[in-house]
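Report on one structure; see the data block that follows.
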Amino acid sequence: MRNTTLGTRGPQVGVIGLGTMGMSFLYDMAAPRDEATSISVIHQALDLA
């Protein structure tokens with residue numbers, strides 16, 4: 001995976017990220033959430049990193 005520096009002196013981080021705001025109730029409180037699917041997506045992203 002390609003990395004970049006976060007800020008001017010920050011740590012090296014991956015250039016690809018997983019947006020998880022849609023998995024939270026703060027984004028859209030009316031929409032249903034499937035916690036098992038959210039956890040599965042996060043585990044898959046970690047496995048692929």
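The figures follow:
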item: Residue list for the range 11-26, filter: modelled with pLDDT of 90 or more and either open to solvent by less than 100 Å² (accessible area, probe 1.4 Å) or assigned to a loop (DSSP other than H, G, I, E, B) (or both); result: Pro11
item: Scan of the range 36-49 for residues that are at pLDDT 90 or above and open to solvent by 100 Å² or more (accessible area, probe 1.4 Å), ordered by number; result: His43, Gln44
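The values are calculated or read from the model by the stated rules, or taken from the named source; none is laboratory data. Just so it is clear, the model here is predicted, and its values are computed rather than measured. We work out accessible area using only protein heavy atoms, side chains counted, and drop any ligands, DNA or RNA first. Shrake-Rupley method; radii C 1.70, N 1.55, O 1.52, S 1.80 Å.
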